[in-house]
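Here the structure comes first, spelled out in structure tokens, and everything after it is commentary.
The values are calculated or read from the model by the stated rules, or taken from the named source; none is laboratory data. These numbers were taken from a predicted model, which means no experiment stands behind them. FYI the Cβ positions are ideal-geometry reconstructions off the backbone, even for glycines, and counts take in every protein chain you see.
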Amino acid sequence: MISLSTRHARIIKTFNLYACFIVLGLCAAITGPTLIDLTRIVNTDIATIAFIYTGRSCGYIGGSFIGGIIFDMFSKKQLILTTGQLITSITMIGVPWSRDIKTLTIWMIVNGFTLGALDTGANVCCLNLWGKDSGPYFQALHFMFGFGGLIAPLVAAPFLGDYSEYDEMKSNMTLTANDSDYPIPTEAMFLNASSITSAEIPRVTYAYICIGAISFLVSLLFFVMSIISPIDESGRKPEETESGNRSFGFTAIIVTLTSILVTTAMGTEVGYAQMLTTYAVKGPLHLTPTTGSYMTSTYWAAFTVTRFAAIFLSVKFSHLTILVFDVIVTFLGGLVLLIFATHYDWALWVASIFLGVGIASFFPASVSWIEKYINITNKIASTFPIVASFGEMLIPYAINYFIETKPKVFIYVVIGSCALAIIVTFFMYLILRNAPGKYTIKRRVVYVSKESHI
């Protein structure tokens, strides 16, 4: 049997985790550019097919919770990752073969479940592999998710359908409707123009097959490592050991505060991106949708560049330093919104850059920081994507509910979230500043690290 040194095994396993997160990004982002094609496949309308997002979100929350339990129960993490990645491959290949909305939703629920489980497990595996040195590796892991989301539209583009027939049909039916006493609904025009028979293989099928094939290859990588090195070696150096188990109360307080921080950060990340264009158009500036779209692109560009830069910055600076930088920059962005965004369009551009830069490394920096003080088991790690999902649903919903009548709610929610992040970070600092780190140095003592099953 092939044997690898501990360091080489950790490097290969980390590479596999990066590949896993690229697949997670691909799976999460592919539905956007292919949504119209999926609508044609299952012969429904845009409003109805939106249920697949709800289904996948519910599956994701369930997968995060159940995955945390499963990863804690078994020591052979590589085999669990293999299984999850294989199921992900099957679901992605199965999606375009659906011919009704119920079947498609079921595929999406299962896909969301495996994505949630893999997200939880991969996060903890990365932290466990590198220990107190996990900062840059953990930042890189989350950058890979964004990279997968970035290339998903490129994978889909060659296989998207041709809608010229639909546009012509819509034009003809609109003319007919103008001469009729009863106008034809848009949904009816769409269904009549674009339904697909069960015998046809839509072109978009091949986009999903490509992603399914990539996921299958990653599952093979995990399977090989499950044979060569099934147990993840701890990232602690020989002279390092953990300072002991923390009390339940201490751990509960830190996890609760971190959950509030993650909920706020992730909710603001998604809420700002989703509602920026709407505010630009319906707010006091009355900008064009195109301008709002460019502002949103600027936000994501700043987000992506900063997340990549954080990989290298985390080598030089502590996680707390990066987190403090994040909360200050996001709060400055919120202040720019509050003071200037109702009168000057440049304020939205500046705020978008500040918020993109500040939020980019928020999640990995906060989790890496508390990892130095508490043991982040899979059960604990599963709480973070769960609360993040709630934040991603609640904050955009709160903004969307009022933005039609009170557009300034957009600004108040963002600045409120930024202020809350500062308060929570400050309280966490007060609690942790005098707490001994989880990793201590044993001098003049020969210590053999045990294999960690966390």
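Of all residues in the stretch 39-56, none are under 18 Å from LEU220 (Cα atoms) and either touching a Gly at 6+ places or on another chain (Cβ under 9 Å) or among the hydroxyl-bearing types (Ser, Thr, Tyr) (or both). Please verify whether ALA351 is in contact with an Asp or Glu (Cβ under 9 Å, 6 or more places away or on another chain), surrounded by 17 or more Cβ atoms within 10 Å (Cβ to Cβ) and of a type in the set (A, V, I, L, M), treating the condition exactly as stated. So ALA351 fails the test.
All conditions in (1) under 28 Å from MET393 (Cα atoms); (2) surrounded by 15 or more Cβ atoms within 10 Å (Cβ to Cβ) hold for ILE46, with the sole exception of (2). When you check ARG7 against the structure, is it of a type in the set (D, E, K, R) and at pLDDT below 85, yes or no? It is true that ARG7 is of a type in the set (D, E, K, R) and at pLDDT below 85. Within the stretch 387-412, residues that are free of Cβ contacts under 8 Å to residues at least 40 places away in the same chain have Cβ atoms under 8 Å from residues that are assigned to a loop (DSSP other than H, G, I, E, B) in these pairs: VAL409/ILE403, counting only partners at least 6 apart in sequence or on another chain. Contact annotation: no residue pair with Cβ atoms under 7 Å, 6 or more positions apart or on different chains, pairs a residue in the stretch 211-227 that is on the phi > 0 side of the Ramachandran plot with a partner that is of a type in the set (A, V, I, L, M, F, W, C). Take TYR208 and tell me if it is modelled with pLDDT under 50, of a type in the set (Phe, Trp, Tyr) and out of contact with any Cys (no Cβ under 8 Å at 6 or more places or on another chain). Criteria not met by TYR208.
All conditions in (1) modelled with pLDDT under 80; (2) buried (at least 21 other Cβ atoms within 10 Å of the Cβ) hold for GLU451, with the sole exception of (2). Residues that are over 20 Å from LEU26 (Cα atoms) and either in contact with a strand residue (DSSP E or B) (Cβ under 7 Å, 6 or more places away or on another chain) or modelled with pLDDT of 90 or more (or both) within the stretch 71-99 comprise GLN78, LEU79, ILE80, listed in sequence order. Restricting attention to the stretch 352-395, the residues that are over 19 Å from PHE250 (Cβ atoms) and acidic (Asp, Glu) total 1. Annotation note: of GLY68, GLY148, the sole residue that is more than 24 Å from TRP369 (Cβ to Cβ), among the small types (Gly, Ala, Ser) and crowded, with 18+ Cβ neighbours inside 10 Å is GLY148. Kindly establish whether TRP300 is aromatic (Phe, Trp, Tyr), surrounded by fewer than 23 Cβ atoms within 10 Å (Cβ to Cβ), touching a residue at least 40 places away in the same chain (Cβ under 8 Å) and part of a helix (DSSP H, G or I). Against the criterion (aromatic (Phe, Trp, Tyr), surrounded by fewer than 23 Cβ atoms within 10 Å (Cβ to Cβ), touching a residue at least 40 places away in the same chain (Cβ under 8 Å) and part of a helix (DSSP H, G or I)), TRP300 qualifies.
Matching residues to (1) buried (at least 19 other Cβ atoms within 10 Å of the Cβ); (2) modelled with pLDDT under 95; (3) basic (Lys, Arg); (4) out of contact with any Pro (no Cβ under 8 Å at 6 or more places or on another chain):
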site: TYR397; (1), (2), (3), (4): no, yes, no, yes
site: PHE402; (1), (2), (3), (4): no, yes, no, yes
site: PRO407; (1), (2), (3), (4): yes, yes, no, no
site: PHE410; (1), (2), (3), (4): yes, yes, no, yes
site: MET428; (1), (2), (3), (4): yes, yes, no, yes
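Among the candidates SER219, SER234, SER195, SER243, the residue that is at pLDDT 90 or above and either of a type in the set (Gly, Ala, Ser) or under 26 Å from the mean Cα position of the chain (by Cα) (or both) is uniquely SER219.
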